[in-house]
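For reference, the structure discussed in these notes is given below.
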Amino acid sequence: MVSISKLEAAKVQLDRAIQLFFENDHVCAVSLAGAAEDILGSLLQHRGQQSPFEFLHDWYQTEYSANVTKRDFSREIANLPRNWLKHTNEHAASELDVSIVDSIMMLMRAVPCYYKLTGSHSKEMDRFNNHVDSNIEQINEIMS
């Protein structure tokens, strides 16, 4: 048996998601980074701080559609790959392309959450941040 806090569980999930990102296993990277981001975002909310998801929703409402609800934004835009991978619902018979873009997007939401809560990064988080910094031009290209 392992006794673990929510914060530590999220760190373990996030570190493993980063390792899987570097192994090009984007299905598992998205799943684990999404799970970590969900925990970390909730911990931020309990502290009265805004999560990256909330920030993105507010930004999307301002820039694109003031009428999009958080639920619709989550299901159809921000968390579509993560939710598709973990739920069987109306998409049960469908297929989804999961790519490096999905991994990067989820990791770029989860890593800052961990930092906001702890003021630090793990070695894996530093590795991911350094990769992003070193490859920002290629990342911008694939993200557009």
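The values are calculated or read from the model by the stated rules, or taken from the named source; none is laboratory data. Not measured: the values here are computed from a predicted model. All Cβ positions, glycine included, derive from the backbone under ideal geometry; neighbour counts span all protein chains shown.
Annotations
- Criterion (surrounded by 15 or more Cβ atoms within 10 Å (Cβ to Cβ), aromatic (Phe, Trp, Tyr) and modelled with pLDDT under 90) met by exactly one of Phe53, Phe128: Phe53
- Qualifying residue in the range 25-33 (condition: within 14 Å of Met108 (Cα to Cα), modelled with pLDDT of 90 or more and among the charged types (D, E, K, R)): no
- Flag for Leu43 being touching a residue at least 12 places away in the same chain (Cβ under 8 Å), in a helix (DSSP H, G or I) and farther than 23 Å from Arg127 by Cα: yes
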